[in-house]
1. Please go through the stretch 31-54 and give me each residue that is assigned to a helix (DSSP H, G or I) and either over 23 Å from PRO107 (Cβ atoms) or small (Gly, Ala, Ser) (or both), ordered by number.
2. So is HIS28 open to solvent by 90 Å² or more (accessible area, probe 1.4 Å) and in a loop (DSSP other than H, G, I, E, B) or not?
3. Please work out if ALA89 is buried (at least 21 other Cβ atoms within 10 Å of the Cβ) and closer than 30 Å to PRO140 by Cα.
4. Looking only at residues that are of a type in the set (Ser, Thr, Tyr) and without any contact (Cβ under 8 Å) to a residue 40 or more places away in the chain in the stretch 36-63, which one is farthest from LEU98 (Cα to Cα)?
5. If PHE77 satisfies every condition in (1) among the aromatic types (Phe, Trp, Tyr); (2) under 15 Å from ARG162 (Cα atoms); (3) more than 14 Å from the chain's Cα centre (by Cα) but one, which is the exception?
6. For the stretch 9-25, give me each residue that is within 22 Å of CYS72 (Cβ to Cβ) and either open to solvent by 60 Å² or more (accessible area, probe 1.4 Å) or part of a loop (DSSP other than H, G, I, E, B) (or both).
7. From the list VAL6, VAL84, which one is without any contact (Cβ under 8 Å) to a residue 24 or more places away in the chain and surrounded by fewer than 21 Cβ atoms within 10 Å (Cβ to Cβ)?
8. Looking at (1) within 24 Å of the chain's Cα centre (by Cα); (2) open to solvent by 100 Å² or more (accessible area, probe 1.4 Å), which is the only condition THR224 fails?
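The values are calculated or read from the model by the stated rules, or taken from the named source; none is laboratory data. All values derive from a computational prediction rather than experimental measurement. Heads up, the Cβs are rebuilt from the backbone with ideal geometry, glycines too, and the neighbour counts pull from every protein chain shown. To get the accessible areas, we keep the full protein, side chains included, count just its heavy atoms, and leave off ligands, DNA and RNA. Shrake-Rupley method; radii C 1.70, N 1.55, O 1.52, S 1.80 Å.
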Amino acid sequence: MAETTVPEVMAELAELADPKTRAVNERHGDDHGVNLSKLRALAKRLKTQQELARRLWETDDTAARLLAILICRPKAFERDELDVMLREARAPKVHDWLVNYVVKKNPHAEELRLAWSADPDPVVASAGWALTTERVTKKPEGLDLSGLLDVIEAEMKDAPDRLQWAMNHCLAQIGIEHAEHRTRAIDIGERLEVLKDYPTSPGCTSPFAPIWITEMVRRQHDKT
């Protein structure tokens, strides 16, 4: 499907859209009705097309932007380009995919992590925390984990939802991955009680940090 045009792709996305899927997605703040498995199948057929991805992003359509993320070259974006894209990505799924599938693979990820973490916009700041959590897990060298816990302890309780969720994930990963900080991470979670009453499906782990940390550490021990 070389030289595919934006109108052709938009027409196909319109055909894939389903009102029931859209209704479910809208409850999570995502305004599109395309089944994600079908979206991934379309991306697989289109293969990597960076310029098409850029043009699909410019449509401001949520399904088109999700598809753009799947067919782009993550390392091809400049730092300022990604900064603009993140600020435009207000749909939660677009925001999450952009951070996880594109920014984390981009050479400017660390620079953006530092800039976004300090941003006054809580949605932008949540992306900075998501990148910090990635480093806590995979490349903690050079991170001030005690300092991160200080910030979480002071700010997570009253943070807006998206930012609070991202900070809580970072808290949990510090406790899971770094035994020397585990007791403090669990203590912070117990005192702040963030997501303590979050409804959790059977078989799933609660996002409440003390439960999350304890369960994941138990699983790690069971593997050894």
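1. Once the filter is applied, which keeps residues that are assigned to a helix (DSSP H, G or I) and either over 23 Å from PRO107 (Cβ atoms) or small (Gly, Ala, Ser) (or both), the stretch 31-54 yields LEU36, SER37, LYS38, LEU39, ARG40, ALA41, LEU42, ALA43, LYS44, ARG45, LEU46, ALA53.
2. yes
3. yes
4. The extreme case among them is SER37.
5. (2)
6. Residue satisfying the conditions is ALA14 alone.
7. Among VAL6, VAL84, only VAL84 is without any contact (Cβ under 8 Å) to a residue 24 or more places away in the chain and surrounded by fewer than 21 Cβ atoms within 10 Å (Cβ to Cβ).
8. Result: THR224 fails condition (1) only.
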